[in-house]
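Asks: Sending over a structure as structure tokens; questions will come in a sec.
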Amino acid sequence: GYTEGLQSRALRAELRLLNRQNKDADAIITSSYTIDPYSLCIAETAKTLENLRNHFAYETFRVVERKEEYSRGVSSLIKSCLHEWTETRNKCKKPCEKVLSKFPLLQFSNVHYLLQILDNRNSGEQNDMSDSLSAQIRGKMTGACGLLSNRSVIRWLVSDWTLYKMFIENVVAGYDAATLPIDGRTSIDAQVQSFIVAVSNSWNSLPLNQGQSKATRKDIIKILVELGDRSASSWKKQLTVSACLSTLIRQDRKNPESVWLWYINILRSSQNVPLKTNALFALSKLMIFGKKDTFMDSLDVNDLMNDSFLRTIVSVMSQFHVLEAEDPDESSSAVPASNNALMSSLIKMFVGSQKESKSKWSAGVEEMMSYPEVTDEIAWLRHDGGYTSGFKFSHAFTAFVFTNVFGDSFLNNILPILEELLLGDNKTAEYKANLVTCAEIIAGVLRSVAMYENKKASAIVSASILPLVIASINEIGVVSGSCWLDAAKFSSSYGVSQLVWLNLILEQTEKQKVASTKVINYLKIVRVLIDELYQVDDIKSTLDRLSSCLRSLINYEFKAVRESAGVTLAVAIHKATRADVPIQSINKLLGVILGFEESGDKDTLYDSAFFLAGTLSTIGGYEETVAKLVPVLLQAIVYSDTEATKQFKSICTNIADSMEFGSLKMLKQIVSSGLSAPAWNVRLVSVQMMDALVKNQRAETGFIGLLICRKSLERMLYDDEVKVKQEAVVALRNLLSSLHPKSKSLSLYVTKYVELLRNMRTEKRKQKHQLPVVLGLSAAVKAFPYSVPSPQSVAALSRVKVKEAKTTIEEFKRTHHDTWDNDQQNFTPEELEDLMGSTEVYGYA
């Protein structure tokens, strides 16, 4: 049950203990666990490992020599790392870290000293200090941050209540950027805050029992709350306190009332957006983890469910999205941008970065997500889907918690606010932020109502909230509508079905003359929602209804709608297949696209067919259906305009690239439908698709498939179109490169073409066969650019006065120039003489 890293280190420590001659040697793990150097070493080691596993202490075994010279040496290295000269600190940092990694006990004893260096609260304003003193302070602070940011030190800090309390007292409470020298203040401030963020993010392995430590969780909470109250004028300090305080919220420990009041007061009184954001997430964590807290028993619902407080929550979420689109260094509404050294480091952790497209959480919520004792009931929270519209999982989770705790009271009070935001003026700059915020809130509401089957809340959702969603979708474009797609992902993932919402969307799609943007948004949401249907009756009725909608949409006047219909049909086929539910209406619609049934306008089916095939090939497992679509795809290239033809060619190749199985069936379709087509561009695409299949599925294609492919490509060497010939040579070269250089198949292939080239005696025969034969031999030579498996093919080409042969010989001599002394031994004297006679490129050899 131990981790691999812990096992190896434990064995290494055991061997050191058994083989070390120094009787004063001692093995240490943490300050709480020690074992005797020799007596019962193996038994004691196993016992200590068991203790470590049970108490989540991950510090490894190390052997420390208790010699004075070691202590003096480490002390000297640490002092050098705190030196005022930057070069000295940089030179000594790596050696110091290397030594301390081998002797962690000596490092552990210096943690207290390094933490105290960062406590500069009593230094006072020192704007006029001397350059020498300024350099000393800067060196100490920078060096201490560098040594404390070591992963081992951070593990100690987050797994020992005493050390964590010292971290809170010295760094969180004691550090004050205002007392630092002006020169270098920004750099030091960023390093200290980065250290605080690292400790907060690592606060996952803290033992829930204090053990022998005198420090307690209540003591640390008390220190933080008092510090936050004293720091009311400093948003930097409050932000740090809020992050650290949120890590102390526990599911199996009662949370003091002071923690609840701290975050509620922050939401009501603070003007700083990141601080209020962190407070909102922490309050959500308290609600889901602190259901047994005494504060919940005495809580008056009206205190949190009034219009003012709910508008504050919505405002925090909305301002977050406005803030996210700006430069993080200019994001605080409470302070000027020049003082945002803390913001630049903490805001990325608390509110994320739009540029990186990542959904990052506050320290408290992130800690909860990876907390080892999260129950199965909320295990879905570990999943963070791929959201593209700025949609935040954490915001939706907040709405989920509020709905779960306050039920229909929350819905009745939040509904007027949602109506005001969604149905307001969509021309304003804030509308996009308000739209995403409403999507997040409604997603959380829908998930909570569906998971816990609240009948009163369900009635409110059906009667008021979902019609509001439909009204919003009808007023926005495709890009803005992606927020509702993200809302569908959140509300219906992990087995939660949104059948009411799905039926309402289908009802809107069935209407006549629906705008194209509405239809595209509807279909995107449908594709997400049908994936979470599990009842057979629901699947049948929904897919039948969806097939009816798609039947009219595949002939829609706008191309984007037809493409979206093809993707939706692929998802419906996939759902029906996984559920093992035969849907006749889907099969009938597929027959229309394949041309088995009559359709009003076949040209409009091509877009749906391409995206249907592309989606199925990406999903995998539908190679037979894709193979049936090949004739339709190739036919589309003939009857489409120039721009569409280029797109279709690219899609055809991508389909062949993404295929995982079934290449033999697809090869037969390409040979029968594509290689013999009258249009040269169809033949060209067919050769490209064949090449892609061979490159991706050589093993699955098998001998028969490769034989069919080689014969077909050889036939294409005689094609009238030059581009088709050139593409056939490339494909044939790729195919031959998969053969072993000494294989019989390659030998027979080369012999056949050499004999054909030798027997061309009449001029008529040369005109018909010479160029294809030269191209075939060129493919064999180019397939092995750095070896000579068939010297007779090279010699045969060197005797031909054809441009393609000369180009191949030139390429051969260039690629074999460095190894020519060895390669020339493969040729007979006559062949070598013919090859050297190619005076046009003799300089390469």
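The values are calculated or read from the model by the stated rules, or taken from the named source; none is laboratory data. It should be emphasised that the depicted structure is a prediction, and the values quoted were computed from it without experimental measurement. Cβ sites come from the backbone with ideal geometry, for glycine too, and all protein chains shown count toward neighbours. Each accessible area value is taken on the protein alone, full model and side chains, heavy atoms only, with ligands, DNA and RNA left out. Shrake-Rupley method; radii C 1.70, N 1.55, O 1.52, S 1.80 Å.
Asks: At a probe radius of 1.4 Å, what is the per-residue accessible area of residue 182, in Å² to the nearest 10?
Replies: Accessible surface of residue 182 is approximately 110 Å².
Asks: Between residue 494 and residue 91, how many nm apart are label points set 7 Å from Cα along the C-beta direction?
Replies: 5.5 nm
Asks: Could you tell me, in Å, what Rg and Dmax come out for the Cα atoms of the stretch 430-480?
Replies: 12.0, 34
Asks: Let me ask something else about it. What does the extension gain come out to for residue 758 and residue 315, with contour length at 0.36 nm per residue minus their alpha carbon separation? Let's see the in-between values first.
Replies: On the way: separation 443, 0.36 × 443 = 159.48 nm, distance 8.42 nm.
Between residue 758 and residue 315, full extension yields an extra 151.1 nm.
Asks: Here is a further query. Provide the gained length on full extension for the span residue 292 to residue 722, in nm with one decimal, where the gain is 0.36 nm per separating residue minus the Cα-Cα distance.
Replies: Gain on stretching residue 292 to residue 722: 146.9 nm.
Asks: Between residue 187 and residue 619, how many nm apart are label points set 7 Å from Cα along the C-beta direction?
Replies: Output for this residue pair reads 5.7 nm.
Asks: In addition: Taking a quarter of the surface of the convex hull around the Cα atoms of the stretch 768-826, what do you get in nm²? Walk me through the numbers before you get to the answer.
Replies: On the way: hull surface 14.6 nm².
Approximately 3.6 nm², given one-decimal rounding.
Asks: In addition: Return one whole number: the accessible area per residue of the stretch 495-581 in Å², for a 1.4 Å probe. Each step should come with its number before you reach the end.
Replies: Details: 3640 Å² over 87 residues.
Normalised by residue count, the accessible surface of the stretch 495-581 is 42 Å².
Asks: Using mean Cβ contacts within 10 Å as the protection proxy, how do 769-778, 277-286 order, highest first?
Replies: Those peptides, ordered most packed to least, come out 277-286, 769-778.
Asks: Based on the mean of other beta carbon atoms within 10 Å per residue, what is the order of 399-405, 807-813, 471-477, most packed first?
Replies: Details: 399-405: 24.0, 807-813: 20.1, 471-477: 16.4.
Ranking, from highest mean packing down: 399-405, 807-813, 471-477.
Asks: Moving on to the next point. Counting residues in the stretch 236-300 as N, plug N into 2.2 N^0.38 Å and put the Cα Rg over that result.
Replies: On the way: Rg = 11.3 Å, N = 65, 2.2 N^0.38 = 10.7 Å.
Compared with the compact-globule rule of thumb, the stretch 236-300 sits at 1.05.
Asks: Quick one: the Cα spread of the stretch 142-183 along its three principal axes, in angstroms, biggest first?
Replies: 35, 19, 8
Asks: Quick check: pseudo-label points 7 Å beyond the Cα along Cα→Cβ at residue 302 and residue 219, how many nm apart are they?
Replies: Here the modelled spin labels are 4.3 nm apart.
Asks: Anything over 24 Å Cα to Cα? Flag those among 455/513; 222/285; 695/723; 628/744, in the order listed.
Replies: Values: 455/513 35 Å; 222/285 19 Å; 695/723 20 Å; 628/744 35 Å.
From 455/513; 222/285; 695/723; 628/744, over 24 Å: 455/513; 628/744.
Asks: Further question: R0 = 56 Å: FRET efficiency of residue 557 with residue 133, Cβ-based, nearest 0.05? Numbers along the way, then the final one.
Replies: Working: r = 77 Å, r/R0 = 1.38.
Between residue 557 and residue 133 the formula returns 0.15.
Asks: Tell me, what HN-Hα J-couplings in whole Hz come from the Karplus equation 6.51 cos²θ - 1.76 cosθ + 1.60 at θ = phi - 60° for each residue of the stretch 114-120, using x for Gly and Pro?
Replies: 3J(HN,Hα) across the stretch 114-120, in whole Hz: 5, 5, 5, 4, 6, 8, 10.
Asks: In vacuo Debye scattering of the stretch 449-541, one point per C-alpha: log10 I(q)/I(0) at q = 0.10, 0.21 Å⁻¹?
Replies: At q = 0.10, 0.21 Å⁻¹ the computed log10 ratios are -0.25, -1.11.
Asks: Multiplying the sequence separation of residue 75 and residue 265 by 0.36 nm and subtracting their Cα-Cα distance, what value in nm do you get? Please list the in-between numbers first.
Replies: Working: separation 190, 0.36 × 190 = 68.40 nm, distance 4.60 nm.
Computed gain between residue 75 and residue 265 is 63.8 nm.
Asks: Grab the beta carbon distance between residue 828 and residue 747, set R0 = 25 Å, and tell me the FRET efficiency rounded to 0.05.
Replies: On the way: r = 16 Å, r/R0 = 0.65.
Efficiency for this residue pair is about 0.95.
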